[in-house]
Amino acid sequence: MSLSVVNLSINKADAALISALSFTVNKGQVLTMMGPSGCGKSTLLSAIAGHLSTQFTLQGDIQLNGKSLLAVEPNQRRIGILFQDDLLFPHLNVWQNLAFGQPKSIKGNQRQQVALETLEQIELSQLAEHMPDQISGGQRARISLMRTLLSQPQAILLDEPFSKLDKALRTTFREFVFKQIEQQNIPALMVSHDIDDAPTNGEVLDWPWHKETDHA
């Protein structure tokens, strides 16, 4: 599996936000793109996920496993996203949140079973019946990541997912995220303005981004 951006340019009105950007991220890898606020990091993720605002125009291509995504609807792209906020549904308990993220092919009681097995895997079984406002920020962050992964994405986007966590929790959650991505063996693209967020010895693309970078 691979996620590729091919000669991608994104413009807003007459201004170029991203120009002729190319890179490839292969399975199990995390590519971190560094840059200041306003440089286009979140816009790039929106383009890959299929949620680019109509105020922007796009040229070039975005490919998953060698196939263009440009004509594919967002909910069919199989791209997972992890944001700064956990975005758990407040009216659903923990296992129900995990059940919600699963593909439609998993039906009925099997959805609860998968959710409970996932909680056991990450040693949070005791939280199954808890509501999101009854658990800690670190627990919510881990549940949110696992809900994203249970949707069986073929690639995952990380939009500064550690920025709102305190220092101690941030380190623990970073290790958890990178371990899960490695186990799932899917390509991951992370944007950040903090170099400490990048995995140790991981690939980093510094701002201003080079026109062509291959992270095969």
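The values are calculated or read from the model by the stated rules, or taken from the named source; none is laboratory data. Please read these numbers as outputs of a predicted model, since none were measured by experiment. Note: ideal-geometry Cβ built from the backbone for every residue, glycine included; neighbour counts use all protein chains shown.
When the residues of region 28-40 are filtered to those that are within 21 Å of residue 200 (Cβ to Cβ) and out of contact with any Ser or Thr (no Cβ under 7 Å at 6 or more places or on another chain), which remaining residue is surrounded by the fewest Cβ atoms within 10 Å (Cβ to Cβ)? Working first, answer last.
From region 28-40, those within 21 Å of residue 200 (Cβ to Cβ) are 28-35; that's our starting set.
With the extra rule that they be out of contact with any Ser or Thr (no Cβ under 7 Å at 6 or more places or on another chain), the set shrinks to 28-31, 33, 35.
Details: 28: 15, 29: 21, 30: 22, 31: 23, 33: 23, 35: 17.
Taking the candidates together, the pick is 28.
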**Asked** What pairs can you find where one residue is in region 13-29 and touching a residue at least 60 places away in the same chain (Cβ under 8 Å), the other is outside any strand (DSSP E or B) and of a type in the set (S, T, N, Q), and their Cβ atoms are less than 6 Å apart, with a gap of 6+ or different chains?
**Response** 23/213; 27/185; 28/185
**Given (1) of a type outside the set (D, E, K, R); (2) in the same structural domain as residue 170 (by TED's automatic domain parsing); (3) free of Cβ contacts under 8 Å to residues at least 40 places away in the same chain, index of the condition residue 113 fails** = (2)
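Within region 137-146, identify whether any single residue is in the same structural domain as residue 103 (by TED's automatic domain parsing) and under 17 Å from residue 45 (Cβ atoms), and answer yes or no.
So in region 137-146, the residues in the same structural domain as residue 103 (by TED's automatic domain parsing) come out as 137-146.
Pick out the ones that are also under 17 Å from residue 45 (Cβ atoms) and you get 144-145.
Yes; the residues of region 137-146 include at least one that is in the same structural domain as residue 103 (by TED's automatic domain parsing) and under 17 Å from residue 45 (Cβ atoms).
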**Request:** Give 22, 53 a once-over and let me know the one that is crowded, with 17+ Cβ neighbours inside 10 Å and either out of contact with any Cys (no Cβ under 7 Å at 6 or more places or on another chain) or of a type outside the set (S, T, N, Q) (or both).
**Result:** 22
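Please determine, by comparing only the residues of region 160-175 that are surrounded by fewer than 17 Cβ atoms within 10 Å (Cβ to Cβ) and within 18 Å of residue 81 (Cα to Cα), which one is modelled with the highest pLDDT.
Restricting attention to region 160-175, the residues satisfying the condition of being surrounded by fewer than 17 Cβ atoms within 10 Å (Cβ to Cβ) are 163-164, 166-169, 171-172, 175.
This time we only want the ones that are within 18 Å of residue 81 (Cα to Cα), so: 163-164, 175.
Working: 163: 83, 164: 81, 175: 90.
Checked region 160-175; the qualifying residue modelled with the highest pLDDT is 175.
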**Fill in**
Those residues of region 176-213 which are surrounded by 14 or more Cβ atoms within 10 Å (Cβ to Cβ), among the charged types (D, E, K, R) and more than 22 Å from residue 42 (Cβ to Cβ) amount to 182
**Prompt:** Which residues, taken from region 55-91, are in a loop (DSSP other than H, G, I, E, B), in contact with a Gly (Cβ under 8 Å, 6 or more places away or on another chain) and among the aliphatic types (A, V, I, L, M)?
**Reply:** 69, 72
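Per-residue answers, yes or no, for (1) within 22 Å of residue 66 (Cβ to Cβ); (2) in contact (Cβ under 8 Å) with a residue 60 or more places away in the chain:
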residue	(1), (2)
125	no, no
133	no, no
142	no, no
157	yes, yes
174	no, no
188	yes, yes
199	no, yes
202	no, yes
